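Q: Supplied in structure tokens, the structure appears directly below.
The values are calculated or read from the model by the stated rules, or taken from the named source; none is laboratory data. Remember, predicted model here, so these are calculated numbers, not experimental data. Cβ atoms come from the backbone with ideal geometry, glycine included; neighbour counts cover every protein chain shown. These area figures cover heavy atoms from the full protein model, side chains too; ligands, DNA and RNA do not enter into them. Shrake-Rupley method; radii C 1.70, N 1.55, O 1.52, S 1.80 Å.
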Amino acid sequence: MRRAAQRIVEKLRLHGHEAFFAGGWVRDFLMRRKPTDIDIATSARPDEVLKLFPNALTVGAQFGVVSVRMYGRSYEVATFRKEGPYLDGRHPSHVAFAGPRQDALRRDFTVNGLFYDPVAARVIDYVRGKRDLQRRVLRAIGKPGERFEEDKLRMLRAVRFACSLGFEIHSDTWEAIRASAASILQVSWERIRDEVLKILTGPAPARGLDLLHESGLLTHILPEVEAMRGVEQPPEFHPEGDVFVHTRMALGLLRRPTPVLALGTLLHDVGKPPTFAVKERIRFDGHVEVGARMAEEICRRLRVSNEETAAVVDLVENHLRFMHVHEMRQSTLKRFLRKPNFADHLELHRVDCLSSHGSLETYRFCKAKLEELRNETLSPPRLLTGDDLIDLGYAPGPLFREILDAVEDKQLEHALSTREEAIEFVLANFPRPEAKAHT
């Protein structure tokens, strides 16, 4: 990757243009982290880049960005630029091509404003980003209030970078975020969703949740999660503390979660605040059903896809079913274990337990059952279909589902294994209408 990017830089230099590696790659390289993409900043205008690389594509004409393909990989090559006033809290009113210093000064944080000359192997630092890297500080370039006024999303990006890099947010930058937190709602929900999911699936989601709360951002984008704070739980089941503390602990225990699992964990107890009641003890009657509805509403707000929304709601809806696995019929347990996203259910149950009472007995029971059933098909081919029931003289209707489910129950419990046995079971247990009339 680096060799290909350096070839692009060398070709630009050969034709009289300045060119450097820019942004996140430089930061990660200096931190000895494994870099991902390499972006290139140059004095060459887009038409000049296209002339040098005829197969390149213009991907951001208004910002002077061209995608150059080299050795089977694409690299963004952007012309040095400065930006006009931001009138919508997200996009500059105009862009003008400029030099490297002006380009660095228009970026968000000092640690992202560095350039690297791969030919001379030297860092170009106009914003004191190297100093902040050494001090592990995330600091806005220039006046923080102006940076966040330009692009409101930078407030969420600050939280994400602080968590992913393990940095402290500089006090001036932090106070500017707190002062501007309410304006985050000027950003599209799609962009908010992307940043929130990166925080939740990153290396420090519990800290991320704390920073979102302390900055004031959480109360605007996820007020239902903010409402968990101070909601007490019965100490005999939840010695860790309130619902918010439990949720942040659970998030921190996840192991490389998918966005669905991270969201499901964040929202698994979202129904507790509105169902809180004190009777013989603290109770949250119906919190699963209420939480599932709230989780769906939140996912819709965040513009989560229909498929992922259904999976998140399923996690919330079923997270207490583990309490009953020991008493489940064999067929019911197998249906539960065969859920397409059962690995997520099991992981949510693990962190739910560890962030409360601490017992993993039920988790281990399910793991053992999965191992025991490893060579068994938990979704065997159906012995009967609706057409078979019609042939047997049953009229289509709600009874069909009851009959077919009963047959599958017996099949999963190894009481039926052939079509003939299934027909015999149905005729013995579900008399046909004409049989009832005759008797």
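Q: Give the Rg/Rh ratio for the chain, taking Rg as the radius of gyration of the Cα atoms and Rh as the Kirkwood radius, to two decimals.
A: Ratio of gyration radius to Kirkwood radius for the chain: 1.11.
Q: For the range 205-350, rounded, prolate or oblate, judged on the Cα gyration tensor with a ≥ b ≥ c (square roots of eigenvalues), a/c < 1.5 rounded, else prolate if a/b > b/c?
A: Taking the square roots of the gyration eigenvalues as a ≥ b ≥ c, the range 205-350 is oblate.
Q: Now for a separate question. Enumerate the whole-percent occupancy of each 10 Å bin, from 0 to the last occupied one, for all C-alpha pair distances of the range 295-439.
A: Per 10 Å bin, starting at 0, the Cα pair percentages come out as 10, 30, 27, 22, 10, 2, 0.
Q: With a 1.4 Å probe and all protein chains left in place, how much of the accessible area of the chain comes from carbon and sulfur atoms, in whole percent?
A: Carbon-and-sulfur percentage of accessible area, whole number: 50.
Q: Still on this structure, I have one more. What nm value, rounded to one decimal, do you get for the distance between Asp37 and Arg101 when each label is placed 7 Å out toward the C-beta?
A: 2.9 nm
Q: Using θ = phi - 60° and the Karplus relation 6.51 cos²θ - 1.76 cosθ + 1.60, list the HN-Hα couplings for the range 329-344 in order, rounded to whole Hz, with x at every Gly or Pro.
A: Going residue by residue, I get 4, 4, 5, 5, 4, 5, 4, 5, 5, 8, 3, x, 10, 5, 4, 5 Hz, with x marking Gly and Pro.
Q: Report the rotationally averaged projected area of the range 272-366 based on its alpha-carbon convex hull, in square nanometres.
A: Taking the Cα atoms of the range 272-366, their convex hull projects to 7.2 nm² on average.
Q: What value, in deg cm²/dmol to 500, does the helix sum -39500 (n - 2.57) over DSSP H runs of n ≥ 4 give at 222 nm once divided by the residues of the chain?
A: For the chain, the value works out to -14500 deg cm²/dmol.
Q: Taking only protein heavy atoms and a 1.4 Å probe, what accessible area per residue, in Å², does the range 232-367 have with all protein chains in place?
A: 45 Å²
Q: Counting only residues 5 or more places away or on other chains, whose amide H sits under 5 Å from the amide H of Gly271 once H atoms are built in the peptide plane?
A: For Gly271, whose amide H was placed from the backbone, the distant partners under 5 Å are Gly291.
Q: In sequence order, what are the phi-derived ³J(HN,Hα) couplings for the range 397-408 according to the Karplus relation 6.51 cos²θ - 1.76 cosθ + 1.60 with θ = phi - 60°, rounded to whole Hz, with x for glycine and proline?
A: x, x, 4, 3, 4, 4, 5, 5, 5, 5, 5, 5
Q: For the range 16-21, what does the Karplus curve 6.51 cos²θ - 1.76 cosθ + 1.60, with θ = phi - 60°, yield as ³J(HN,Hα) per residue in whole Hz, taken in order and with x for Gly and Pro?
A: Whole-Hz 3J(HN,Hα) from phi for the range 16-21: x, 9, 6, 7, 9, 6.
Q: Which of the trypsin sites (Lys or Arg not before Pro) across the range 357-439 are loop residues per DSSP, with 14 or fewer other Cβ within 10 Å?
A: Arg374, Arg382
Q: Moving to a separate point now. To the nearest 10 degrees, how steep is helix 171-180 against the longest Cα principal axis of the chain, on a 0 to 90 scale?
A: 60 degrees
Q: Taking 8 Å as the Cα distance limit and 6 or more residues as the minimum spacing, I'd like the relative contact order of the range 213-363 as a percentage.
A: Result for the range 213-363 is 24 percent.
Q: Relative contact order (percent) for the chain, with alpha-carbon contacts under 8 angstrom and 6 or more residues of separation?
A: RCO, the chain: 8 percent.
Q: Within straight cross-link reach of Lys369, meaning Cα distance under 21 Å, which lysines are found once same-chain residues fewer than 8 apart are removed?
A: Straight-distance partners of Lys369: Lys334, Lys339, Lys410.
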